[in-house]
Amino acid sequence: MQEKKPVIILIGPQGSGKGTQGKMLAKNLGVSYLETGQLLRDEIATGSKEGEYIASFVNNGNLVPAETAIALMAKKIKESVDATGGVVIDGFPRSLEQAKGFPKDVVSTHVLFFDILNKESIKRLSARRVCPKDKNVYNLISKPAKRDEVCDECGAKLIQREDDTPSAIQQRLDVYSKETKPLLDYYKKQGILIHIDGTPSIEEVKKAVWKIFA
């Protein structure tokens, strides 16, 4: 019988590195990777009424209403597990209400909590830049483009996302503290919560993460 692959949830403040680590981990394990934020931004980019509704929350650093996030993510999670047997999920659930909306037929195996200080989060996100064409992510501090704020692959001018301004970042951190941290107790009681220090270098954090699944 084929070994069942993991269903991994990533929790942590903005800028904790969970996205970077999640993508590498998913590739290493041969499972799907879902980033809630990107799925929401893709919907915003369509210009639909639903996208405009989502933008009114995301661009101000607020959580998208639970029913909207649940409807989007429940479908994507089940599709991903069916496709590759497992999934790494970045950005869902972000509240206890969302956690209760997690697909009942998909069992979470690990919850990785990436922990960093607020001041480090603001520093990292304020320096983040993205390519508007191919969505590649850079950082002026830790992962700069080879040429001054120009995408290495397509040459497009990099931009700063609306939700990466200092005021929006602080708002998101406030929301995270209020809504997301209670999830830690929720998953700790289930015995699947694993604490990871997100402060060290990308390579050091990667070693700590991959050791869990070695």
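Worth a mention:
- Structure note, pairs Lys27/Lys75; Lys23/Lys188; Lys49/Lys206; Lys76/Lys206: Cα-Cα distances above 28 angstrom occur for Lys49/Lys206.
- Where only DSSP H runs of four or more residues are counted, the chain gives -13000 deg cm²/dmol as its mean residue ellipticity at 222 nm, each run worth -39500 (n - 2.57).
- Alpha-carbon centroid distance for the pair segment 115-187 / segment 44-76, whole angstrom: 18 Å
- Antiparallel bridge percentage (DSSP; both residues within the chain; nearest 5): 30 percent
- Inter-probe distance in nm under a simple model that places probes 7 Å from Cα toward Cβ, at Asp115 and Glu52: 4.4 nm
- Whole-percent pair-distance distribution, where bins are 5 Å wide, for the alpha carbons of the chain: 1, 7, 14, 19, 21, 19, 12, 5, 2, 0, 0
- Placing a label point 7 Å from the Cα of Gln38 along the Cα-to-Cβ direction, the residues of segment 107-121 whose backbone N falls under 20 Å of that point are 112-114.
- Hits among aspartates and glutamates - C-alpha to C-alpha of Lys157 under 18 Å, sequence gap 8 or more where chains match: Asp134, Asp148, Glu149
Every number here is computed from the coordinates shown, using simple stated rules; none is lab data. Worth saying up front: this structure is predicted, and the values here are computed from it rather than measured. Reconstructed Cβ throughout: ideal geometry from the backbone, glycine too, with neighbour counts over all protein chains shown.
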